Each structure stands twice: as structure tokens, then as C-alpha cells.
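Here the structure is laid out as C-alpha cells; the discussion comes afterwards.
The values are calculated or read from the model by the stated rules, or taken from the named source; none is laboratory data. Please read these numbers as outputs of a predicted model, since none were measured by experiment. Cβ placement follows ideal geometry from the backbone for every residue including glycine, while neighbour counts extend to all protein chains displayed.
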Amino acid sequence: MLNIETVKSDISKWIIETLSEAHPAFEGMPPCPFAKRALMEEKIEIILADEVTDFENTEALLAQGNDVIAYVYDPEEINPEELTGLALAYNKQYPDLVFLEDHPAEVEKVQDFICNQGQYACIFGAMRSGVLNAREYLKGTDYYKNWDEKYKQTVWSR
């Protein structure tokens with residue numbers, strides 16, 4: 001069973017040490033240029049997914065000022081296909097939200113940079129409008145220049 005304090009610490013460390021450091025694969029930008037600020041402003045809510053049966057509270061949690069809700073699973077208890085299926089189902093069920101999955105067994109790479117958290121299976125929920133605004137901003141830079149076209153389209157299709 002996952003420990004919420006350990007999970008929060010591990011995800012915070014990933015955000016600070018991995019997602020917030022500039023990298024050549026993203027043309028000198030951080031892999032997730034917005035994550036560190038959200039973490040520092042305490043706008044990321046981390047929830048153990050085995051404590052919820054539906055993500056219906058995501059919109060309410062986001063309305064309370066959170067930028068991202070991270071639902072965290074033990075990767076031994078959910079496989080990548082099941083996790084993707086959940087994310088796709090929630091994207092259809094909640095059209096104002098975006099759900100993106102991350103499973104350590106399904107490596108997501110941009111050039112030599114591995115984007116995955118690596119320890120946990122996660123579904124990240126956010127307001128669709130915020131995600132679309134961030135994507136549009138990044139499209140105006142060279143951020144996506146080194147992304148594999150298939151991976152880029154998969155992420156953008158959500």
C-alpha cells in the first residue's frame with residue numbers, strides 16, 4: 001500500500017529535479033515549464049487513487065484553486081492499458097477537463113529525456129482551458145521541435 005507522504009515527497013522531487021530543469025530536448029526549456037510554480041504555490045493536489053472510485057470531484061478540487069490533481073496508483077495494481085483506458089474514459093466523461101496518464105512501464109521520451117515519473121502510475125487532471133492555453137503558448141516556441149510526431153499527436157489529442 002502506498003504512503004501518501006512518501007508519494008507527495010517523491011512526486012515533488014520529480015517535479016523539482018526532473019520536470020523543472022532546462023533540457024536540450026525541449027530547446028533549453030524545462031520538460032514541464034509550469035509544474036514547479038504550481039508546486040511552490042501548493043496548487044497540485046495529490047490523491048491516492050485507491051481512495052477514490054470516480055474522479056467526479058476533480059472539477060471541484062480544481063475550482064478550489066488547484067492547477068493539477070494527481071491521482072496516484074501502485075503500478076503493480078494497474079497496467080498501462082488499464083490506466084490509459086481510465087484516462088480516455090474520464091476525458092470523455094468530463095469534457096471540461098483533461099486527464100493524462102503516466103505509467104512507469106510505458107516509457108515516454110523526447111529524444112533522450114524520459115518524461116515519466118518512474119515510480120508510480122498516475123493520472124493527472126487539469127482544466128482543459130488551462131492545458132490548451134499552455135499548449136498554445138508552447139507552440140509559439142521551439143518546445144515541441146524535438147518531439148516524435150506520434151507522441152506529440154497523442155498528447156495533443158487529449
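Could you tell me which residue of the range 27-39 is nearest to Q64 (Cα to Cα), considering only residues that are assigned to a helix (DSSP H, G or I) and in contact with a helix residue (DSSP H, G or I) (Cβ under 9 Å, 6 or more places away or on another chain)?
Keep residues of the range 27-39 that are assigned to a helix (DSSP H, G or I), which gives 35-39.
When the remaining residues are screened for being in contact with a helix residue (DSSP H, G or I) (Cβ under 9 Å, 6 or more places away or on another chain), the result is 35-36, 38-39.
Working: A35: 18, K36: 19, A38: 14, L39: 15 Å.
For the range 27-39, the residue satisfying everything is A38.
Of these, L83, L100, L88, which one is part of a helix (DSSP H, G or I), closer than 22 Å to T18 by Cβ and of a type in the set (A, V, I, L, M, F, W, C)?
Going through L83, L100, L88 in turn, just one is part of a helix (DSSP H, G or I), closer than 22 Å to T18 by Cβ and of a type in the set (A, V, I, L, M, F, W, C): L83.
Which of the numbered conditions does H23 fail, given that it passes all the others? Conditions: (1) farther than 23 Å from D74 by Cα; (2) free of Cβ contacts under 8 Å to residues at least 60 places away in the same chain; (3) not hydroxyl-bearing (S, T, Y).
Here H23 clears every test but (2).
Run Y144 past the list (1) modelled with pLDDT of 95 or more; (2) in contact with a strand residue (DSSP E or B) (Cβ under 8 Å, 6 or more places away or on another chain); (3) among the hydroxyl-bearing types (S, T, Y) and report the number of the one that doesn't hold.
The one condition Y144 does not meet is (2).
Each row is one residue, and each column tells you yes or no for (1) crowded, with 16+ Cβ neighbours inside 10 Å; (2) within 20 Å of S157 (Cα to Cα); (3) more than 16 Å from the chain's Cα centre (by Cα); (4) among the aliphatic types (A, V, I, L, M).
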| residue | (1), (2), (3), (4) |
| --- | --- |
| W14 | yes, no, no, no |
| E17 | no, no, no, no |
| R37 | no, no, no, no |
| V68 | yes, yes, no, yes |
| Y90 | yes, yes, no, no |
| L100 | yes, yes, no, yes |
| Q111 | no, no, yes, no |
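Checking I11 against (1) of a type outside the set (S, T, N, Q); (2) at pLDDT 95 or above; (3) more than 25 Å from V110 (Cα to Cα), which single condition isn't satisfied?
Among (1) of a type outside the set (S, T, N, Q); (2) at pLDDT 95 or above; (3) more than 25 Å from V110 (Cα to Cα), the lone unmet condition for I11 is (3).
Any residue in the range 50-59 that is assigned to a loop (DSSP other than H, G, I, E, B) and of a type in the set (V, I, T)? Walk me through it before giving the result.
Of the residues in the range 50-59, the ones assigned to a loop (DSSP other than H, G, I, E, B) are 52-57.
Those still in the list that are of a type in the set (V, I, T) too: 52-53.
Yes: the range 50-59 contains one or more residues that are assigned to a loop (DSSP other than H, G, I, E, B) and of a type in the set (V, I, T).
Looking only at the range 101-122, count how many residues are among the small types (G, A, S) and without any contact (Cβ under 8 Å) to a residue 40 or more places away in the chain. Steps first, please.
Initial filter on the range 101-122 (among the small types (G, A, S)): 105, 118, 121.
Right, trim to without any contact (Cβ under 8 Å) to a residue 40 or more places away in the chain and you get 105.
The qualifying residues number 1.
Find the residue count for the range 123-149, including only residues that are assigned to a loop (DSSP other than H, G, I, E, B) and either within 30 Å of V7 (Cβ to Cβ) or touching a residue at least 24 places away in the same chain (Cβ under 8 Å) (or both).
The qualifying residues number 8.
Evaluate the following for L86: is it surrounded by 14 or more Cβ atoms within 10 Å (Cβ to Cβ) and modelled with pLDDT under 95? Outline the logic, then answer.
Working: surrounded by 14 or more Cβ atoms within 10 Å (Cβ to Cβ): yes; modelled with pLDDT under 95: yes.
Criteria met by L86.
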